[in-house]
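First comes the structure, then the notes that go with it.
The values are calculated or read from the model by the stated rules, or taken from the named source; none is laboratory data. What you are looking at is a predicted structure, and each value in this text was computed from that prediction instead of being measured. Backbone-built Cβ (ideal geometry, glycine too); neighbour counts: all protein chains shown.
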Amino acid sequence: MRVFVQAASRGSLSAAGRTLGISPAMATKHVDALEARFGVKLLHRTTRGLSLTDPGREYLEGCQRILQDLDEVESDISAQRQEAKGRLRVNVPLSFGLRFIAPLIPGFTERYPMVDVELGLSDSRQNLLDGSWDLIFRVGYLADSDLRARRLGDTPMKVCASPTYLAKHGAPQRVSDLSSHNCLSYTLSPFQSKGFWAFGHHGEIEVPVKGNLRADNGDALMAAAIRGQGIIYQPEFIVADALANGELISLSLDHPPLEPGGLYVLFSPDRRLPLKVRAMIDYLVEVFSAEIQRK
């Protein structure tokens, strides 16, 4: 299309080739290919020069509009590699996103005013490679994938119950005691979803548990535990406030909680990331590093 437009405007395939950095023979092949595709002549070619046919004039008008739009799109995409701009789609687990990520967005958009953030809050597993998201957060161990990951921090686990529950049912002393308690499980956990809780640094100790509530959200389980319904086994970031104000009590058992991995932000394996994505990753690392240092 560019060869055709240049040939039509300059009246010469040789001139079009020189302008675009290709040989006259290659420029001729481009126009020949267009005419073969459409089955009509676009240019009258004589020894004195070129002139447009009627289909050629119609095609020229369309090409000029399309190429102008294309140039604008390419310019915008190129600018995104030089300046953080455009829509940034971020998916975060619900409870963690509400507590930690949503409050960080105003600081990010103030620093990068040309970026619009779309925040998705969901505990279900999302697929970054289908193009729906630019960044995805994961809590726990990472499954093997082609995605790149940046670790932001740790996510220690806590076994907790309310003072009301413990006063009525007693406090378990050993992990094996949990089998006789009402244990409220998280259905998206690879362990709790199968009817057991894992303890030890690598989850080598498995304790079968049962309970009258299962949920796919940690806050829902915490709310039930605060009301005295049962014992929960959740990341510290979910229960920290309830532990601090006495609504929940952390239980010390004979084996340590499972080490669940960490907090990660996942992104495309493409080394040429848009600047908006790199800007958010750097911002998160900066903020979480400062938080760790304060602790």
Q. Of (1) surrounded by fewer than 20 Cβ atoms within 10 Å (Cβ to Cβ); (2) in contact with a Gly (Cβ under 7 Å, 6 or more places away or on another chain), residue 195 satisfies all except one. Which?
A. (2)
Q) Given the residues 147, 129, 184, which is the only one that is within 19 Å of residue 221 (Cβ to Cβ) and either modelled with pLDDT under 95 or surrounded by 18 or more Cβ atoms within 10 Å (Cβ to Cβ) (or both)? A) 184
Q: Scan (1) more than 25 Å from residue 132 (Cα to Cα); (2) crowded, with 17+ Cβ neighbours inside 10 Å for the single condition residue 252 breaks and write down its number.
A: (2)
**Q.** Within the stretch 89-121, considering residues that are under 28 Å from residue 221 (Cβ atoms) and among the polar types (S, T, N, Q), the one surrounded by the most Cβ atoms within 10 Å (Cβ to Cβ)
**A.** 91
Q: Return the pairs, sorted by first residue and then second, in which the second residue is crowded, with 19+ Cβ neighbours inside 10 Å and assigned to a loop (DSSP other than H, G, I, E, B), the first residue lies in the stretch 222-247 and is basic (Lys, Arg), the beta carbons are less than 6 Å apart, and the residues are 6+ apart or on different chains.
A: none
Q | Subset of the stretch 34-44 [surrounded by 10 or more Cβ atoms within 10 Å (Cβ to Cβ), over 15 Å from residue 6 (Cβ atoms) and not aromatic (Phe, Trp, Tyr)] | A | 35, 40, 41, 44
**Q.** Condition broken by residue 206, with the remaining ones in (1) surrounded by fewer than 18 Cβ atoms within 10 Å (Cβ to Cβ); (2) assigned to a strand (DSSP E or B); (3) in contact (Cβ under 8 Å) with a residue 24 or more places away in the chain satisfied
**A.** (3)
Q.
Tell me the residue from 253, 263 that is touching a Ser or Thr at 6+ places or on another chain (Cβ under 6 Å), among the hydrophobic types (A, V, I, L, M, F, W, C) and either in contact (Cβ under 8 Å) with a residue 12 or more places away in the chain or part of a loop (DSSP other than H, G, I, E, B) (or both), please.
A. 263
**Q.** One residue from 189, 185 being outside any helix (DSSP H, G or I), among the hydroxyl-bearing types (Ser, Thr, Tyr) and in contact with a Lys or Arg (Cβ under 6 Å, 6 or more places away or on another chain)
**A.** 185
Q: Filter the strands (runs of 3 or more DSSP E) completely within the stretch 1-102 down to those with at least 1 residues that are of a type outside the set (Asp, Glu) and touching a residue at least 40 places away in the same chain (Cβ under 8 Å).
A: 49-52, 86-92
Q: Of the conditions (1) under 16 Å from residue 259 (Cβ atoms); (2) surrounded by fewer than 21 Cβ atoms within 10 Å (Cβ to Cβ); (3) over 22 Å from the mean Cα position of the chain (by Cα), residue 212 clears all except one; give me its number.
A: (1)
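Residue-wise test of (1) within 21 Å of residue 214 (Cβ to Cβ); (2) in contact with a Ser or Thr (Cβ under 9 Å, 6 or more places away or on another chain); (3) modelled with pLDDT of 95 or more; (4) not polar (S, T, N, Q).
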{"residue": "112", "(1), (2), (3), (4)": "no, no, no, yes"}
{"residue": "120", "(1), (2), (3), (4)": "no, yes, no, yes"}
{"residue": "136", "(1), (2), (3), (4)": "no, no, no, yes"}
{"residue": "155", "(1), (2), (3), (4)": "yes, no, no, no"}
(Q) Looking at the stretch 24-33 only, could you name the residues that are exposed (fewer than 15 other Cβ atoms within 10 Å of the Cβ) and either of a type in the set (Asp, Glu) or within 24 Å of residue 70 (Cα to Cα) (or both)? (A) 26, 29, 32, 33
